[in-house]
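Taking it in order: structure first as structure tokens, then the write-up.
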Amino acid sequence: MKIAFVGKGGSGKTTLSSLFIRHLATTGAPVLAVDADINQHLGAALGLDEAEAAALPAMGDRLPLIKDYLRGSNPRITSSETMIKTTPPGEGSRLLRVCEDNPVYDACARPVELDDGAVRLMVTGPFTDADLGVACYHSKTGAVELCLNHLVDGQGEYVVVDMTAGSDSFASGMFTRFDITFLVAEPTRKGVSVYRQYKEYARDFGVALKVVGNKVQGPDDLDFLRAEAGDDLLVTVGHSDWVRAMEKGRPPRFESLADADRQALRTLQAAADATYELRDWERYTRQMVHFHLKNASSWGNARTGADLAAQVDPGFVLGEGVTASV
């Protein structure tokens, strides 16, 4: 299942996504974790120290390798240089699977050992001083979108993406790449403003959106979130001594997380698992193509000097049964 965590800056989305990743690891499920926020905090939230987090390979720096691998023998893509972040797969493309080994994972993914298992972690890479004035952060997250376009995950496999803060995810089609999106919201007017934006933007794309109330301190906070989010409110969490210790760099063993928080994480997993039967690979592929054609006409064709609409394979539908190029 592909799962996104979104929310405004400071809402706690990275903390909650890291807790969810830790929870999934305790179940023995295969997990690919992706930090798609240019403020790179997921590694630290998963227990890496500063040096380890800084040493993670940036996907944005390895984009040529990613493009060259995913292109495979697809005859509709004349060169890897003509691939953009929205380029969809077609006959001959190489696909990514959660549990496999491949050159993209070799270059970009690193194992992170947790209390009860290990996960693969990939990061976009931070926005550096060298990028100021010459690059857009979407050039970093574009590597994530391209990989998601070519990724096929099955039941019981989890891809958890910590997205960029706010509503910036809508600057591309990446918000449609997930089975479910968990929007982390504090019980404040600002906290629910991103929820309203997401709800409005996602309305026409069939995005499964659920709200996770964070920093909820009492009945008044709960009533506020219920009034603002209605049936979209899935679960709430409050203060956590475990999280406070983690934020100080001294996390206890995960098994000591409070029972209420562990139940909240099980609720998130159940909601994600329930979307498996609702998967519509034809719609998924159609939306992928929709955003590719929009990007091609607005900037991609001019930038690459190619007609990127020609990259679309009209007979191709991504799905678990598709065989990738070798």
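The values are calculated or read from the model by the stated rules, or taken from the named source; none is laboratory data. These figures come from a predicted structure and were not determined experimentally. All Cβ positions, even for glycine, are placed from backbone atoms using ideal geometry, and neighbour counts span all protein chains on display. Just the protein is used for accessible areas: all its heavy atoms, side chains included, with ligands, DNA and RNA removed. Shrake-Rupley method; radii C 1.70, N 1.55, O 1.52, S 1.80 Å.
Looking at region 1-138 alone, DSSP beta bridges between its own residues are antiparallel in about 50 percent of cases.
Backbone amide hydrogens, once placed in the peptide plane, bring I180 within less than 5 Å of K2, A4, excluding anything fewer than 5 places away on its chain.
Under Stokes-Einstein, with the Kirkwood radius over Cα pairs standing in for Rh, what whole-number D in µm²/s applies to region 171-230 at 25 °C and 0.890 mPa s?
In µm²/s, the coefficient rounds to 202.
So if I take the centroid of the Cα atoms in region 271-294 and the same for region 21-45, what is the distance between those two points in Å? Value for the Cα centre distance between the two parts: 22 Å. For region 207-326, what % of the accessible area comes from carbon and sulfur atoms, probe 1.4 Å? Taking all protein chains in place, region 207-326 shows 50 percent carbon and sulfur surface. Ordering P103, G117, G92 by the projection of their Cα atoms onto the charge dipole of region 87-127, which places +1 on the Cβ of Lys and Arg and -1 on the Cβ of Asp and Glu, puts G92 at the extreme positive end.
Given region 231-272 reduced to its alpha-carbon atoms as identical point scatterers, what log10 I(q)/I(0) does the Debye formula return at q = 0.15, 0.25 Å⁻¹? Calculated log10 I(q)/I(0) at the listed q: -0.42, -0.89. Per residue, the solvent-accessible area of the chain (1.4 Å probe, heavy atoms of protein chains only, all protein chains present) comes to 44 Å². Taking a sphere under 9 Å around the Cβ of K13 and counting the other residues whose Cβ falls inside, with K and R at +1 and D and E at -1, yields a net charge of -1. Other residues lying with their Cβ under 13 Å from the Cβ of I84 contribute a combined charge of +2, Lys and Arg counting +1, Asp and Glu -1. Taking amide H atoms as placed 1.01 Å from N in the peptide plane, list the residues 5 or more away in sequence, or in a different chain, whose amide H sits under 5 Å from that of T188. The answer is none. By a straight-distance test (C-alpha under 21 Å), which lysines pair with K85 as possible cross-link partners, with residues fewer than eight away in the same chain excluded? Cross-link targets: K2, K67, K140, K294. Near E320: Cβ cut-off under 12 Å, other residues only, Lys/Arg at +1 and Asp/Glu at -1. The net charge is 0.
Rolling a 1.4 angstrom probe over region 1-122 with all protein chains present gives an accessible area of which 48% lies on carbon and sulfur atoms. Quotient of the Cα radius of gyration of region 12-135 and 2.2 N^0.38 Å, N being its number of residues: 1.16.
Between the entries [x] 42, 21, 15; [y] 32, 22, 19; [z] 52, 30, 14, the label attached to semi-axes √(5λ) of the Cα gyration tensor in Å calculated for this structure is [y].
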